[in-house]
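What follows is a short report on a single structure.
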Amino acid sequence: MPPSVNYPFCIEYILQQKQPDMSQMAARSLCLQLVKLPKVTPGMVSQRTFASEVNREDYGYYPDPLEAATGSEKKMMLARLAGDDRYEPKIFYRGENTSKDNPNLIPSHYRDRLIACTCEPDAHYLNLMWIRKGTPSRCECGHWFKVIDADPDSY
């Protein structure tokens, strides 16, 4: 029987056994691992610090994309910041009483334009039609539309 009086004596007893059984072999390997553990003094433990904010002086200054842009790219960015996005669909509300002489004017940079008309206020579909620049076109609901030249500087 191994003595259970103190810890170092128990380790010496297990290490001195000639033919240990399975539990003694497990205890022996555990004790050998405990003996080989490095001794660390409490003052030598490294501590990771936490940075709460980054200073631009430490890493350099990253420029604003608007400052780096020039030409038409800058013009498009300024237009987008002003609320005029070229690729966002624009809604033009049609007039109440339109005729061939007084149509709804639709600006376009191209010769043809695809428009969608909600013919009835409670309709769940859109009436799509192509209109050409110069000649007024009539929708199925009776409203007239005409394509005009858009401002060349507008995006």
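Entry remark, segment 121-155: residues being surrounded by 10 or more Cβ atoms within 10 Å (Cβ to Cβ), within 18 Å of Gly95 (Cα to Cα) and among the charged types (D, E, K, R) number 2 in total. Taking segment 91-153 and the strands (runs of 3 or more DSSP E) fully enclosed by it, the elements with 2 or more residues that are within 30 Å of Lys75 (Cα to Cα), within 40 Å of the chain's Cα centre (by Cα) and polar (S, T, N, Q) are at 104-108. Do we have Pro152 as touching a strand residue (DSSP E or B) at 6+ places or on another chain (Cβ under 6 Å) and not aliphatic (A, V, I, L, M) here? When the stated conditions are applied, Pro152 does not pass them. Quick one: would you say Glu57 is part of a loop (DSSP other than H, G, I, E, B), loosely packed, with under 11 Cβ neighbours inside 10 Å and modelled with pLDDT under 85? Criteria not met by Glu57.
Residues of segment 116-136 that are free of Cβ contacts under 8 Å to residues at least 12 places away in the same chain and either touching a His at 6+ places or on another chain (Cβ under 8 Å) or not hydrophobic (A, V, I, L, M, F, W, C) (or both): Thr118, Pro121, Asp122, His124, Tyr125, Thr135. Could we say that Arg86 is in contact with a helix residue (DSSP H, G or I) (Cβ under 8 Å, 6 or more places away or on another chain) and either modelled with pLDDT of 85 or more or surrounded by 10 or more Cβ atoms within 10 Å (Cβ to Cβ) (or both) here? In short, yes.
Among the residues examined, Ser29 does not qualify as touching a strand residue (DSSP E or B) at 6+ places or on another chain (Cβ under 6 Å), at pLDDT 75 or above and among the small types (Gly, Ala, Ser).
The values are calculated or read from the model by the stated rules, or taken from the named source; none is laboratory data. As the structure is a prediction and not an experimental result, all values here were calculated from the model. Note that we place each Cβ from the backbone using ideal geometry, even for glycine, and neighbour counts take in every protein chain shown.
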